[in-house]
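Asks: Quick one: this structure, given as structure tokens, is what I'll be asking you about.
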Amino acid sequence: METVHTATLEFRAMACAARVVVVGGTPAHLTLARTAVEHLEQCWSRFLPNSDLTRINAAGGRPVTVDPATITLITAMVQGWARTEGAFDPTLLAPLLGLGYAVSWDNPAHATSLAAGTSLRSRPTDIEIDGDRCVVRAPSGIGLDAGGIGKGL
């Protein structure tokens, strides 16, 4: 019987413990996986001032060019809201901040701020997604949080 090699890497990502297990690959696959997760965090974290999500939230209704992975995220957010008839709501950034979750658990220097006029809830179906051009236009006043759906993706 042939032995299948496994390699494991643990690290912090998206304010959580992350664990990657590669079965039958090489240690280089661990680096590739970690790089991919770190890239998604750079795109999706509301705590990073230049992330796609932060730029969408601050755009005041203007179109924002984003990473293709962010198109996947925003599409999943809109679909999740529609399929659950609003039970899943990625537009609850203002209440999250109101409850005190404005600062990253991992790095207190990373904080989220709301754009002026951000409302308590919005309709994610009003977000315009142009996947061909990698452009997202969220209505002024929307406050998106990737939260668990970002980690799941």
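The values are calculated or read from the model by the stated rules, or taken from the named source; none is laboratory data. Since the structure is predicted, the reported quantities are computational estimates derived from the model, not experimental observations. Cβ: placed from backbone, ideal geometry, glycine included. Neighbour counts: every protein chain shown. Accessible surface is based on the protein model in full, side chains and every heavy atom, while ligands, DNA and RNA are left aside. Shrake-Rupley method; radii C 1.70, N 1.55, O 1.52, S 1.80 Å.
Asks: Out of all the residues in the range 104-114, which are open to solvent by 70 Å² or more (accessible area, probe 1.4 Å) and either free of Cβ contacts under 8 Å to residues at least 40 places away in the same chain or over 22 Å from A18 (Cα atoms) (or both)? Give the steps one after another, and end with the answer.
Replies: Going through the range 104-114, the residues open to solvent by 70 Å² or more (accessible area, probe 1.4 Å) turn out to be 105-106, 108-109, 113-114.
Residues satisfying the conditions are P108, A109, S113, L114.
Asks: G86 passes all but one of (1) without any contact (Cβ under 8 Å) to a residue 24 or more places away in the chain; (2) farther than 20 Å from G141 by Cα; which number fails?
Replies: The single condition G86 does not satisfy is (2).
Asks: From the set of residues in the range 36-67 that are surrounded by 14 or more Cβ atoms within 10 Å (Cβ to Cβ) and of a type in the set (V, I, T), which is farthest from S113 (Cα to Cα)?
Replies: V37
Asks: If you scan the range 120-130, which residues turn out to be at pLDDT 85 or above and crowded, with 16+ Cβ neighbours inside 10 Å?
Replies: Within the range 120-130, P124, I127, I129 qualify.
Asks: I'd like the full set of residues that are open to solvent by less than 70 Å² (accessible area, probe 1.4 Å) and in contact (Cβ under 8 Å) with a residue 24 or more places away in the chain, limited to the range 12-35.
Replies: A13, M14, A15, C16, A33, listed by residue number.
Asks: Of all residues in the range 131-153, how many are surrounded by 13 or more Cβ atoms within 10 Å (Cβ to Cβ) and charged (D, E, K, R)?
Replies: Looking only at that region, the number is 3.
Asks: Sticking with this structure for a sec: If you scan the range 127-149, which residues turn out to be outside any strand (DSSP E or B) and under 13 Å from D67 (Cβ atoms)? Explain how you work it out, then say what you get.
Replies: Of the range 127-149, the ones outside any strand (DSSP E or B) are 127, 131-134, 138-149.
Within the range 127-149, G131, R133, C134, A146 meet the criteria.
Asks: Here is a further query. For the list (1) modelled with pLDDT of 95 or more; (2) over 21 Å from A13 (Cα atoms); (3) open to solvent by 50 Å² or more (accessible area, probe 1.4 Å), I need the number of the one condition that G117 fails.
Replies: (1)
Asks: A further question follows. Take the residues in the range 1-41 that are over 30 Å from V136 (Cβ atoms) and of a type in the set (D, E); name whichever of them is nearest to the chain's Cα centre (by Cα).
Replies: Kept after step one, since they are over 30 Å from V136 (Cβ atoms), are these residues of the range 1-41: 1-10, 19, 21-30.
Subset that is of a type in the set (D, E): 2, 10.
Details: E2: 40, E10: 20 Å.
Among them, the one singled out is E10.
Asks: I've got another one for you. Of everything in the range 42-88, what is acidic (D, E) and more than 11 Å from the chain's Cα centre (by Cα)? Give them in sequence order.
Replies: Within the range 42-88, D67, E85 meet the criteria.
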